[in-house]
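Below is one structure, written out as structure tokens; comments come after it.
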Amino acid sequence: MNCRALCGACCTAPSISSAIPGMPQGKPAGVPCVQLTADLRCALFGDPRRPAVCASLRPSEAMCGESRAEALAIIERLEIQTLPD
């Protein structure tokens with residue numbers, strides 16, 4: 001599966017604890033990454049500065065669902081399920 005055009009859910013829904021260029025403290029869940037472009041693509045795709053967690057995300061039906069809204073909901077649920085106790 002390829003990334004869905006105009007989605008960017010994986011750049012918005014999850015929290016990222018590692019530094020991102022422009023977001024040295026990472027980002028909280030639900031906040032769009034500063035590297036998300038106007039067409040909802042990652043400006044750091046293929047760049048070695050891209051956080052490892054971002055590079056590890058791979059589009060799949062289980063994570064992306066059928067729409068951007070569904071992907072946001074799925075990733076939000078995953079975020080909640082993986083919060084530390």
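The values are calculated or read from the model by the stated rules, or taken from the named source; none is laboratory data. Source: prediction; values computed, not measured. Every residue, glycine as well, gets a Cβ built from its backbone with ideal geometry; the counts of neighbours run over all protein chains shown. Note: areas computed on protein heavy atoms with side chains; ligands, DNA, RNA excluded. Shrake-Rupley method; radii C 1.70, N 1.55, O 1.52, S 1.80 Å.
Numbers for the structure displayed
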| quantity | calculated |
| --- | --- |
| The chain, relative contact order [Cα under 8 Å, separation at least 6], % | 34 |
| Where GluC sites (Glu not before Pro) fall in DSSP loop in the chain, at most 16 other Cβ within 10 Å | 66 |
| Bins of 5 Å, starting at 0 and running to the largest distance - Cα pair percent for region 38-85 | 5, 17, 20, 25, 22, 10, 1, 0 |
| Phi-based couplings in Hz for region 8-20 (Karplus 6.51, -1.76, 1.60; Gly and Pro marked x) | x, 4, 6, 9, 10, 5, x, 7, 10, 8, 7, 5, 10 |
| Student exercise, region 15-63 dipole from Lys, Arg, Asp, Glu Cβ charges, in Debye to nearest 20 | 120 |
| Rh by Kirkwood over Cα pairs, then Stokes-Einstein D for the chain at 1.306 mPa s and 10 °C, µm²/s | 122 |
| Helix-only [θ]222 nm of the chain, DSSP H runs n ≥ 4, -39500 (n - 2.57) each, per residue, nearest 500 | -7000 deg cm²/dmol |
| Percent accessible area from carbon and sulfur atoms, the chain, protein chains only, probe 1.4 Å | 59 |
